[in-house]
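Structure, as structure tokens:
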Amino acid sequence: MEKLKLSEIAPYLGATYNEDAEFDSVCIDTRKITKGCLFICIKGERFDAHQFADEALSLGASAVMIHSDIEPNGAYIKVDDTAKAMLRLSGYYRSKFDIPVIGLTGSVGKTTTKEFTHLVVSAKYNAIKTLGNLNNEIGVPQMLFQIDNSTEAAVIEMGMNHFGEISRLVNEVKPTIGLITNIGVSHIENLGSREGILKAKLELCEGLAEGAPLILNGDNDMLQTVKDEHHKVVFYGIENGEFKAENIVEADNSTSFDVAYYGKKQHITIPTIGIHNVYNALAAFVVGYFLHIDPQLSADALADYVPAGMRQKVVDVDGITSIEDCYNASPDSMRAALKTLSDIKGNKKIAVLGDMLELGDYAKTAHTEVGNAVAENKIEYLLAYGNDAKFYVDGAKQGGVKNAFLFDDKEKLSEMLLNIASKGDAVLFKGSRGMKLEDVINTVYKGW
Ligand code: ATP
Ligand code: MG
């Protein structure tokens, strides 16, 4: 981050300050304080960081940002709401840099697409990206503050649970290229319907520069209806789009395809499996196109992809193929993962599924439909764990899966899995983050 002064930002934030101070980073966690930072006192659910204001100053923060009536022992700037002010400050800071910024959102596939996109963009630019999954109103500002005079591009993931969130984020991120991976059913309990989800994601357009590319998944039933006179809408997909993936070949641990676009063709191989990753990599290629990155360089960059933590990693555990996918789960990503399990080599296919959380009233239907998908993908065994997991079992049985079992205990599930899985089989582990299916993985790997 480049230096800022309280005297410069105060008028912009409508804030007051006691004495001027300069800072060269922004910090919200006293454990990560660096000398010369601005420590922003955020009131969280469990802690109110205002109580750490003095500690932050004694640890080397050059100033603190506060909204409560406290009198810190050093330089401070006072605003109405520190979290909102941090977001606005990040937008002010971002606007000092005239660089390409790729802003992406969608129901699923954001982080994976962000990783692919960052690889492509990095083929030409010194680019920063959202670290991990820091995609909300607290995370996005931190990411924008990473920009400095050496940064030539930024790839920023934006997430949301409610209406208005993307709008608030995108008005600070101010992307020069927008990308929406898909419209599924995540967070439908807050947004009412899939039309609601589409509307919420399209808030992306509010902060997207006039005439900028808006890259959309053309195979998504909701996105393919989008028309936008203010932006250059471009679709990608396998069925529909100006950028089409053709000749898809899935191998053991890699997938290759040709991108056909505007009369041209580019061959791509990515070191991961699953048709959903064809979409994710293809979207990244389209971003590269708009940044005038040589298509072969984009392809070379995509070949360097490394799956991020706990997202669909395929490992061979003593002859058993294990697809570890315990990072999160939604109906859309579940269907994608079951298709992957179905396509992969394996004598017997076993799905170990934990609940999909945060589906509200839609939970029963969603779990039942995923159970149906277990059957459609001809998966022989279903081991289900959680409160709504009974609906997986119901759905699978409706579809004719004979071996569908429900567990309320991960130990018992692990025991059964150890009994039924043998060399040559393929097992998928997938559930919402909160279900912690890695516990099962850790137990059974010891036995395999
Ligand atoms: P979050 O809301 O947690 O930020 P995300 O949108 O960033 O999620 P990823 O972390 O990229 O999504 O992927 C989550 C899971 O969804 C992966 O483990 C993968 O199985 C699946 N997935 C990834 N890309 C797609 C896609 N394009 N379509 C469907 N499922 C996908
Ligand atoms: Mg993510």
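For a quick check: sort 265, 430 by the number of other beta carbons within 10 angstrom, fewest at the front.
Final ranking by Cβ density, sparse to dense: 265, 430.
Evaluate the charge dipole of region 391-442 about its Cα centre and quote only its size in Debye, nearest 20, assuming +1 on the Cβ of each Lys and Arg and -1 on the Cβ of each Asp and Glu.
Charge dipole of region 391-442: 200 debye, to the nearest 20.
Provide the per-residue ³J(HN,Hα) series for region 153-162, in order, calculated from phi with Karplus coefficients 6.51, -1.76, 1.60 and θ = phi - 60°, each as a whole number of Hz, with x at glycine and proline positions.
6, 9, 10, 10, 8, 10, x, 6, 10, 9
Place the peptides 40-52, 149-161, 335-347 in order of packing, highest mean first, counting for every residue the other Cβ atoms within 10 Å and averaging per peptide.
Details: 40-52: 15.2, 149-161: 21.3, 335-347: 18.8.
Peptide ranking by packing, descending: 149-161, 335-347, 40-52.
Take the residue pairs 129/174; 232/264; 84/174; 124/339; 114/378; 124/265 and return only those whose Cα atoms are more than 24 Å apart. Don't jump to the answer; show the numbers that get you there.
Working: 129/174 15 Å; 232/264 20 Å; 84/174 16 Å; 124/339 34 Å; 114/378 32 Å; 124/265 20 Å.
Flagged as over cut-off: 124/339; 114/378.
Between 95, 212, 359, whose Cα lies farthest towards the positive end of the dipole of the chain when Lys and Arg beta carbons carry +1 and Asp and Glu beta carbons carry -1, centred on the Cα centre?
Of the options given, the answer is 359.
Taking amide H positions as placed 1.01 Å from N in the peptide plane, with prolines and chain starts having none, which residues 5 or more places from residue 17, or on another chain, fall under 5 Å of its amide H?
78
Among rounded, prolate and oblate, which fits region 391-435 when a ≥ b ≥ c are the square roots of the eigenvalues of its C-alpha gyration tensor, a/c under 1.5 means rounded, and a/b larger than b/c means prolate?
oblate
At 7 Å along Cα-to-Cβ for each site, give me the label-to-label distance between residue 242 and residue 361 in nm.
4.0 nm
So, R0 is 22 Å and r is the distance between the beta-carbons of residue 210 and residue 297; what FRET efficiency does that work out to, to 0.05?
E(calc), rounded to 0.05, equals 0.15.
Can you sort 118, 231, 162 by how many other beta carbons sit within 10 Å, fewest first?
Taking fewest neighbouring Cβ atoms as first place, the list is 162, 231, 118.
Please list, in order along region 315-325, the HN-Hα scalar couplings obtained from phi with the Karplus expression 6.51 cos²θ - 1.76 cosθ + 1.60 (θ = phi - 60°), rounded to whole Hz, x for Gly and Pro.
10, 9, 10, 6, x, 9, 7, 10, 9, 8, 8
Just to confirm my numbers, what's the Cα centroid distance between region 85-149 and region 166-181 in Å?
First find each Cα centre; the distance between them is then 10 Å.
Please report the spacing between the Cα centers of region 366-428 and region 292-352 in Å, no decimals.
About 19 Å separates the Cα centre of region 366-428 from the one of region 292-352.
Please state the shape class of region 163-288: rounded when a/c is under 1.5, otherwise prolate if a/b exceeds b/c and oblate if not, all from the C-alpha gyration tensor.
Prolate is the answer for region 163-288, as a/c is 1.5 or above and a/b outweighs b/c.
Is region 224-372 rounded, prolate or oblate when judged by the Cα gyration tensor, a ≥ b ≥ c being the square roots of its eigenvalues, rounded requiring a/c under 1.5 and prolate requiring a/b larger than b/c? Present the calculation step by step, with values, prior to reporting the outcome.
Details: a/c = 2.27, a/b = 1.35, b/c = 1.67.
In terms of gyration-tensor shape, oblate.
What is the sum of charges around residue 239, taking Lys and Arg as +1, Asp and Glu as -1, for the other residues whose C-beta is under 14 Å from the C-beta of residue 239?
Local net charge: -3.
With unit charges on the beta carbon (Lys/Arg positive, Asp/Glu negative), name the residue among 328, 303, 447 whose Cα is farthest towards the positive pole of the charge dipole of region 290-448.
447
Using a 7 Å offset from Cα along Cα-Cβ at residue 398, what residues in region 338-353 end up with backbone N under 19 Å from the label point?
Once the point is set 7 Å along Cα→Cβ of residue 398, 338-339, 353 turn out to lie under 19 Å by backbone N, inside region 338-353.
Roughly how big is region 172-293's charge dipole about its Cα centre, with Cβ charges of +1 (Lys, Arg) and -1 (Asp, Glu), in debye to the nearest 20?
Values: 9 positive and 16 negative charges, 50 e Å.
Rounded to the nearest 20 debye, it is 240 debye.
For region 176-187, in order, what is each residue's ³J(HN,Hα) by Karplus, 6.51 cos²θ - 1.76 cosθ + 1.60 with θ = phi - 60°, in whole Hz (x at glycine and Pro)?
9, 9, x, 9, 10, 6, 4, 10, x, 10, 4, 6
Which three extents, in angstrom, do the Cα atoms of region 9-113 have along their principal axes, listed largest first?
The Cα atoms of region 9-113 stretch 44, 32, 25 Å along the principal axes, largest first.
Given H placed 1.01 Å from N in the peptide plane, which residues other than close sequence neighbours of residue 425 have an amide H under 5 Å from its amide H?
Amide H neighbours of residue 425: 321, 347, 348.
Taking the Cα centre of the chain as origin, work out the dipole magnitude from +1 charges on Lys and Arg Cβ and -1 charges on Asp and Glu Cβ, in debye rounded to 20. It would help to have the intermediate numbers written out before the result.
Working: 45 positive and 62 negative charges, 160 e Å.
Around 760 debye, computed over the chain.
Rule-based calculations on the coordinates, nothing more; no lab input. As the structure is a computational prediction, the values presented were derived from the model and not from experiment. Counting neighbours? That spans all protein chains shown, and the Cβs are built from the backbone with ideal geometry, glycine included.
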